[in-house]
1. Quote the FRET efficiency, to the nearest 0.05, computed for LYS125 versus ASN167 with a Förster distance R0 of 25 Å and r equal to the Cβ-Cβ distance.
2. Once phi is turned into θ = phi - 60°, what whole-Hz ³J(HN,Hα) does the Karplus curve with 6.51, -1.76 and 1.60 give for every residue of segment 41-57, x standing for Gly and Pro?
3. For the chain, what number results from the quotient of the Cα radius of gyration and 2.2 N^0.38 Å?
4. With everything on Cα atoms, drop me the angle between helix 68-78 and the longest principal axis of the chain, reported from 0 to 90° to the nearest 10.
5. Would you kindly state how much longer the chain becomes between VAL113 and ASN183 on full extension, computed as 0.36 nm times their sequence separation minus their alpha carbon distance, in nm to one decimal?
6. Taking a temperature of 10 °C and a viscosity of 1.306 mPa s, what whole-number D in µm²/s does Stokes-Einstein yield for segment 1-81 with Rh from Kirkwood over alpha carbon pairs?
7. How much length would be gained if the chain were fully extended between TYR17 and ASN44, taking 0.36 nm per residue of separation minus their Cα-Cα distance, in nm to one decimal?
8. Relative to the present Cα-Cα distance, how much length would full extension add between VAL191 and LEU53 at 0.36 nm per residue of separation?
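What follows draws every value from the coordinates through simple rules; no lab data is involved. Only a predicted model underlies this, so the values are computations on that prediction, with no experimental measurement involved. Here the Cβ is made from the backbone with ideal geometry for all residues, glycine too, and neighbour counts use every protein chain on show.
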Amino acid sequence: MIIASLKGKLQSLDTSYAVVECAGVGYQCAITLKTYEEIKSSINNEVFLLTHLHISENYFGLFGFFTENERSIFRMLISISGVGPKIAINILSCVEAEELVELIRNASINQLVKIPNIGKSKAEKLVFELRDKMLKMQLDSNHNIVPTVYSSNIDDAILALIGLGYNKQTAEKAVDLANKELNDKDVKTDVLIIRALKFTKK
């Protein structure tokens with residue numbers, strides 16, 4: 001059974017859950033504070049929520065989201081070992097999906113640890129597991145999170161250096177210097193990476 005979305009009367013609501021009645025059946029969904037703020041004025045009226053049904057050996061729960069951004073980032077979070085759906089909902093209640101993407105892309109550990117129940121080790125794990133994926137994201141004109149299409153060797157080289165442990169600023173500067181030194185728009189990515197390593201300082 002997969003429940004992808006709910007459309008029906010908002011029967012009851014709390015900051016942590018919503019009950020949506022569909023065809024006489026009330027579905028209770030765990031929600032984020034962002035979703036709560038978006039639907040709190042719709043009690044006894046029709047609402048639409050995107051949902052994720054989480055089933056594991058010891059847990060069965062339905063989670064509701066007002067935007068696709070929230071649901072997408074929620075699913076990315078729970079793909080990490082040690083980050084269950086309750087922790088993911090907690091994270092997205094404290095930080096909006098778009099802001100979380102930026103925090104992880106920028107490896108902002110000091111900001112991530114401010115989220116309740118997210119210690120330094122878990123914050124570092126979020127960055128380690130998700131940074132590369134989130135570096136490939138951007139916001140479209142409707143503020144939806146979409147993958148970025150990297151079309152140049154420069155972008156690929158920057159991502160490779162970040163994958164080797166260099167921060168974004170160092171990687172960008174090193175690749176820029178290497179590109180200027182090589183002065184070849186058709187330079188291969190591996191050649192660019194090797195030359196860029198000369199300009200890095202860990």
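1. Numbers: r = 17 Å, r/R0 = 0.70.
Once rounded, the FRET efficiency stands at 0.90.
2. Result, rounded to whole Hz: 8, 10, 4, 6, 10, 6, 10, 10, 10, 6, 10, 9, 9, 9, 10, 9, 4.
3. Rounded to two decimals, the normalised Rg is 1.25.
4. 80 degrees
5. 21.0 nm
6. Translational diffusion coefficient: 124 µm²/s.
7. Extending this stretch completely gives an extra 8.2 nm.
8. Result for the pair: 45.1 nm of gain on full extension.
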